[in-house]
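Note sheet for the following structure.
The values are calculated or read from the model by the stated rules, or taken from the named source; none is laboratory data. No experiment lies behind these values; they were computed from the predicted model shown. In this analysis, Cβ positions are derived from the backbone assuming ideal geometry, glycine residues included, and neighbour counts consider all displayed protein chains. These accessible areas exclude ligands, DNA and RNA; they are computed on the full protein's heavy atoms, side chains included. Shrake-Rupley method; radii C 1.70, N 1.55, O 1.52, S 1.80 Å.
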2 protein chains.
Amino acid sequence: MKSTLLTTLVAVFTIAAALAGDALPSWNDTTPKKAIVAFVERVTKEGSPDFVPVPERIATFDNDGTLWCEQPMYVQLRFALDRVKTLAPQHPEWKRKQPFKKLLTTPKEENVAVTEHELMEIIMATHAGMSTAEFERIVKDWIATARHPRFHRPYTECVYQPMLELLAYLRANGFKTFIVSGGGIEFMRPWTEKVYGVPPEDVIGSSGKTRYKMQNDKPVLMRLPELDFIDDGAGKPIGINSHIGRRPIGAFGNSDGDRQMLEWTQAGNGARLMMLVHHDDPAREYAYGAESRIGTFSNSLMTEAKTNSWTIVSMKEDWNMIFPAPK
Amino acid sequence: MKSTLLTTLVAVFTIAAALAGDALPSWNDTTPKKAIVAFVERVTKEGSPDFVPVPERIATFDNDGTLWCEQPMYVQLRFALDRVKTLAPQHPEWKRKQPFKKLLTTPKEENVAVTEHELMEIIMATHAGMSTAEFERIVKDWIATARHPRFHRPYTECVYQPMLELLAYLRANGFKTFIVSGGGIEFMRPWTEKVYGVPPEDVIGSSGKTRYKMQNDKPVLMRLPELDFIDDGAGKPIGINSHIGRRPIGAFGNSDGDRQMLEWTQAGNGARLMMLVHHDDPAREYAYGAESRIGTFSNSLMTEAKTNSWTIVSMKEDWNMIFPAPK
């Protein structure tokens with residue numbers, strides 16, 4: 001009993017210390033940081049009209065471009081292209097079949113133009129036809145070794161240090177933090193707990209259909225080449241409703257695909273925080289917005305953000321650090 | 001600080017007392033209770049080969065017939081039939097249209113035979129065409145006043161006291177407890193936190209499609225008359241994979257619809273607990289099994305349970321109390 005008590009006391013003091021100190025050191029002392037701290041203080045102060053009970057402190061985060069780098073291409077697309085190369089010896093027909101032929105014969109395949117239909121073919125060829133357990137192992141193996149072409153570090157270290165601090169700060173204040181991403185749910189789950197502190201059950205994403213079947217007397221879930229749900233745009237509130245069943249009080253994104261998630265969050269009663277990361281830092285990361293095909297941040301989204309008092313984070317102005325210190 | 005510390009100390013002592021005492025007083029000292037306690041001790045004992053880290057302590061529970069009474073008809077069907085009556089004045093055409101006509105003109109409408117197609121029509125007419133927020137309010141209002149025809153108490157008090165104790169006992173031992181039910185996800189979420197201690201985000205169920213739209217400048221999710229997912233049978237492992245993304249180490253059901261959930265649970269490595277509640281107590285609740293249309297417990301399920309060493313709970317022999325004390 002005594003040691004339990006001591007442990008508890010230490011925990012109590014540690015939490016108190018964390019709350020007292022600066023939990024967001026990578027954020028400059030500009031508007032976004034002030035908005036975050038003010039919001040958290042409002043909803044956690046007992047007796048305040050804006051107080052929110054712990055179970056209702058739900059925050060949702062987009063992943064690509066909000067928690068980790070999505071340039072020069074979505075990490076999951078890089079994964080799919082690598083899988084095409086890896087699987088090519090087992091698919092001699094790909095030498096003559098598009099879009100595989102052009103991917104396999106062009107040295108810099110990221111510049112190969114593919115139609116939306118061809119992209120879906122690539123995803124299905126690389127993401128389906130195996131069990132969920134096999135896919136998980138493939139993702140784990142790939143993510144452990146793949147490196148970002150510009151930053152020369154694992155993709156899981158091309159995550160934004162200020163957002164890691166924000167996730168931890170919210171959780172220390174009783175929030176449950178969910179990922180709500182257009183990316184594949186089973187592409188994220190193998191590593192989000194370690195990297196973001198977000199367990200698999202708090203990850204929402206796009207998904208394919210699966211089928212339950214017996215394989216050598218053991219049940220497996222086979223991944224089928226059929227789309228089940230696209231967790232992007234208007235799909236985000238739908239996915240939030242389906243997986244969480246509560247409306248978030250904080251929502252964090254970076255592109256047009258997050259618009260409805262922020263609208264849905266704002267439409268609830270009480271204090272709310274809606275935030276968009278703007279990529280305007282070509283020196284330390286990338287600069288892109290309305291003209292970008294990846295992570296489009298359109299002028300109409302900027303207008304809506306201003307009209308609705310959503311907070312815009314300038315990576316250049318508001319963050320004093322982009323990625324965590326190298327390991 | 002002082003009051004926080006005091007609160008913490010009280011909490012520590014309360015938890016210690018709960019662990020030391022008998023957390024399962026409504027369970028007789030028979031095989032199922034021994035199996036539960038032995039399993040929990042195995043997976044929580046640090047250093048033991050069967051130790052399971054807290055984040056992986058996932059337990060899944062069927063709802064109808066496992067956590068609450070499903071006789072003489074599924075509670076959600078009772079809800080749908082009541083909704084038909086309530087909505088009838090707004091639907092004069094129902095006087096001439098089946099299956100509504102026969103439901104509205106027969107005094108004991110539970111004995112009206114409806115085809116599967118007609119049942120779906122009833123569900124769609126009563127569960128779709130409104131926003132998720134409106135549906136939530138309708139469910140809350142109904143569940144607050146509806147009474148079980150035999151036990152004359154709210155359905156939320158026709159829950160099994162031994163299972164409430166089991167849920168709390170598992171959570172006190174670091175488990176996360178999920179509901180995985182063939183019932184409608186949005187029919188359960190409004191009350192599961194209060195009744196079972198299971199928050200909305202830990203409830204998995206069958207669902208219809210929704211559509212995001214603007215209504216008077218506010219976004220709403222409209223419930224469409226279109227099925228999205230049936231969380232029953234082979235759907236249960238699929239729903240578990242989609243919502244949780246981890247394999248349970250304990251699974252609790254009562255009927256053929258839970259078979260694949262238990263198979264899926266058992267197929268993982270390490271200690272596992274699979275349990276089926278058998279309704280064999282006509283005096284205190286109901287007796288039904290292979291011949292029942294509701295909550296069928298077929299002979300082949302019984303054979304599979306015995307072959308795989310799944311634990312069968314006899315309500316008559318293993319539970320000394322069925323429902324909680326009246327409020």
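If one takes the accessible area of chain A alone plus chain B alone and subtracts that of the pair, with a 1.4 Å probe, what total in Å², rounded to the nearest 100, results? Spell out each step's value before the answer.
Working: alone 16530 and 16530 Å², together 29680 Å².
Buried area (both sides, nearest 100 Å²): 3400 Å².
Probe radius 1.4 Å, ligands and nucleic acids left out: which of B:194, A:108, A:85, A:95 has the largest accessible area, and how do the rest follow?
Highest to lowest solvent-accessible surface, that is B:194, A:95, A:108, A:85.
What's the angle, to the nearest 10 degrees (0 to 90), between helix A:161-172's Cα axis and the longest principal axis of chain A?
Tilt of helix A:161-172: around 60 degrees.
Let a ≥ b ≥ c be the square roots of the eigenvalues of the Cα gyration tensor of the stretch A:93-176; is it rounded (a/c under 1.5), or, if not, prolate (a/b larger than b/c) or oblate?
prolate
Using a Gaussian network model of chain B with C-alpha springs under 10 Å, which one of B:214, B:188, B:302 is most mobile by mean-square fluctuation?
B:214
Could you work out how far apart the two model spin labels at residue B:120 and residue B:87 are, taking each label as a point 7 Å from the Cα in the direction of the beta carbon, and quote it in nm?
Calculated label separation equals 1.6 nm.
Springs between alpha-carbon atoms under 10 Å, Gaussian network over chain A: tell me which of A:25, A:190, A:55 tops the mean-square fluctuations.
Result for chain A, Cα springs under 10 Å: A:55 fluctuates most.
Can you list the residues, at least 5 places off or on another chain, whose amide H is less than 5 Å from the amide H of residue B:60, using H built in the peptide plane?
B:178, B:250, B:251, B:252
Restricting to Cα pairs below 8 Å that are 6+ residues apart, what does the relative contact order work out to for chain B? Please round to a whole percent. Can you show the working numbers first?
Numbers: 503 pairs, mean separation 74.9, N = 327.
About 23 percent, as a whole number.
Per residue, how much accessible surface does the protein assembly as shown expose to a 1.4 Å probe? Answer in Å², no decimals.
Accessible area per residue, the protein assembly as shown: 45 Å².
Return the percentage of antiparallel bridges among DSSP beta bridges fully within the protein assembly as shown, rounded to the nearest 5 %. Walk me through the numbers before you get to the answer.
Numbers: 26 of 64 bridges.
Around 40 percent antiparallel, to the nearest 5.
Using Cα springs under 10 Å in a Gaussian network model of chain A, which residue among A:215, A:76, A:161 shows the largest mean-square fluctuation?
Sorting by GNM fluctuation, first place goes to A:215.
Search the structure for amide H atoms under 5 Å from the amide H of residue A:292, placed 1.01 Å from N in the peptide plane, and list their residues when 5 or more places away or on another chain.
For residue A:292, whose amide H was placed from the backbone, the distant partners under 5 Å are A:297.
Considering amide H positions built from the backbone, and no H for Pro or chain starts, which residues 5 or more places from residue A:205, or on another chain, come under 5 Å of its amide H?
Residues meeting the amide H criterion: A:181, A:185.
Which residues, if any, in the stretch A:244-264 have at least 40 Å² less accessible area in the whole protein complex than in the isolated chain, probe 1.4 Å?
For the stretch A:244-264, once contacts with the other chains are taken into account, A:246, A:263, A:264 lose 40 Å² or more.
Relative contact order of the stretch B:211-257: what whole-number percent is it, with Cα pairs under 8 angstrom and at least 6 residues apart?
Result for the stretch B:211-257 is 23 percent.
What FRET efficiency comes out for the pair residue B:137/residue A:224, r = Cβ-Cβ distance, R0 = 45 Å, nearest 0.05?
0.75
Nearest-5 percent of antiparallel DSSP beta bridges in chain B? It would help to have the intermediate numbers written out before the result.
Details: 13 of 32 bridges.
In chain B, approximately 40 percent of DSSP beta bridges are antiparallel ones.
What's the longest piece of chain B with no exposed GluC sites (Glu not before Pro), counting a site as exposed if DSSP puts it in a loop and it has at most 16 other beta carbons within 10 Å?
B:47-290
Karplus couplings for the stretch A:40-49 from phi (6.51 cos²θ - 1.76 cosθ + 1.60, θ = phi - 60°), rounded to Hz, Gly and Pro as x?
Here the 3J(HN,Hα) series is 5, 5, 4, 7, 9, 7, 4, x, 6, x Hz.
Suppose we compare each residue of the stretch B:171-209 in its chain alone and in the full protein complex with a 1.4 Å probe; which ones drop by at least 30 Å² of accessible area?
Buried-area filter returns B:176, B:189, B:193, B:200, B:201.
Could you look at the protein assembly as shown and say what percent of its accessible area is carbon and sulfur, using a 1.4 Å probe and all protein chains? Intermediate results must be reported in sequence, preceding the final value.
Values: 16350 of 29680 Å².
Carbon-and-sulfur percentage of accessible area, whole number: 55.
When the Karplus curve 6.51 cos²θ - 1.76 cosθ + 1.60 is applied with θ = phi - 60°, which whole-Hz ³J(HN,Hα) does each residue of the stretch A:53-69 get, with x for Gly and Pro?
With the stated coefficients, the stretch A:53-69 comes to x, 3, x, 9, 7, 10, 10, 10, 10, 4, 9, 5, x, 10, 9, 9, 5 Hz.
Under 1.5 on a/c is rounded, so check that first for the stretch B:160-251, then, if it is not, pick prolate when a/b is larger than b/c and oblate when it is not; a ≥ b ≥ c are the square roots of the alpha carbon gyration tensor eigenvalues.
Prolate shape, in that a/c is at least 1.5 and a/b is the bigger ratio.
Give the shape of chain A as rounded, prolate or oblate, defined through the alpha-carbon gyration tensor: a ≥ b ≥ c are the square roots of its eigenvalues, a/c under 1.5 means rounded, and otherwise the shape is prolate if a/b is larger than b/c and oblate if not.
The shape class here is prolate.
Just the accessible area for residue B:242, please: 1.4 Å probe, Å², rounded to the nearest 10?
40
Over the stretch A:154-212, what is the mean sequence separation of C-alpha contacts under 8 Å (at least six apart), divided by residue count, expressed as relative contact order in percent? List each step's numbers first, then the result.
Working: 49 pairs, mean separation 19.4, N = 59.
RCO, the stretch A:154-212: 33 percent.
As a test, work out the antiparallel percent of DSSP beta bridges whose residues both lie in the stretch A:207-283, rounded to the nearest 5.
Within the stretch A:207-283, antiparallel bridges account for around 65 percent of the total.
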